[in-house]
Amino acid sequence: MSELSLNMQSHEEKQLFARSFALWIALGAILMMFAGLTSAYIVKKADSGTWTNFTIPGIFYISTLVIILSSVTMFGAQRAFRKGWMAGYRNLLLATLALGALFLALQIEGWMQLKAQGIDMVEEISGAFFYVISGAHAAHILGGIVILLIMILKISRRIKKQNTEAYLTSARKLNVTLMASYWHFIGFLWVYIFLFLLYNHN
């Protein structure tokens, strides 16, 4: 192998490492943000004499199941990509995208049901925390949906041109791994948030 090839390989490895490192830094920052929010929730609940107990709408249980299912379809998409089954990869990404959108729709419906209970962001501090924490998480899901859409458009163009054999490069494999890691993280972050809110809302 020539010195030029070695240098190019070394440069590519550095780029791949930089992408991975950037993602893990971002996930660490997200985790710290939600740790701070949930800690503030506990402190404020203990300190406030105006804390209002409320019933978490059942639709949030459904949205939790939906986001867990989306992790299953994402895992399937990863597996299909590694095997070179690009049509299956695209279809499973589409399923993940649909489940992510459904999750957001269910969250919005849950917020509307909370509002119908009289729990809002202005009058009820307990409600304000619930909206802020779940809303911040929904924003990260929305970011994941944008990434999914970009990846779907890219592979759809490749399939349309019937040129998928050369698609399994190291960089693209890493992109799929990073996308999936982000989605799994955000999904299981909601499971933690939901269990936390479920246990501490009263």
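Taken together, the residues in the range 168-198 that are under 12 Å from the mean Cα position of the chain (by Cα) and among the small types (Gly, Ala, Ser) amount to 3.
Restrict the check to the range 47-59 and report whether at least one residue is surrounded by 17 or more Cβ atoms within 10 Å (Cβ to Cβ) and charged (D, E, K, R). Within the range 47-59, none of the residues are surrounded by 17 or more Cβ atoms within 10 Å (Cβ to Cβ) and charged (D, E, K, R). Number of residues in the range 41-63 that are in a helix (DSSP H, G or I) and at pLDDT below 90 equals 7. Please verify whether GLY58 is of a type in the set (Gly, Ala, Ser), without any contact (Cβ under 8 Å) to a residue 60 or more places away in the chain and more than 17 Å from GLY187 (Cβ to Cβ), treating the condition exactly as stated. When the stated conditions are applied, GLY58 passes them. Of the residues making up the range 73-85, those that are surrounded by 15 or more Cβ atoms within 10 Å (Cβ to Cβ) and either touching a Phe, Trp or Tyr at 6+ places or on another chain (Cβ under 7 Å) or of a type outside the set (Ser, Thr, Tyr) (or both) number 8. Against the list (1) at pLDDT below 95; (2) under 16 Å from LEU198 (Cα atoms); (3) in a helix (DSSP H, G or I), the condition GLN107 fails is (1).
Criterion applied to LEU153, LEU92, LEU99 was being more than 21 Å from THR38 (Cβ to Cβ), part of a helix (DSSP H, G or I) and within 15 Å of the chain's Cα centre (by Cα), and the one residue passing it is LEU99.
Residues satisfying the criterion are present in the range 118-126 (criterion: surrounded by 14 or more Cβ atoms within 10 Å (Cβ to Cβ) and part of a helix (DSSP H, G or I)).
The values are calculated or read from the model by the stated rules, or taken from the named source; none is laboratory data. Please read all numbers here as calculations on a predicted model, not as lab measurements. Note that each Cβ is placed from the backbone with ideal geometry, even for glycine, and that neighbours are counted across all protein chains shown.
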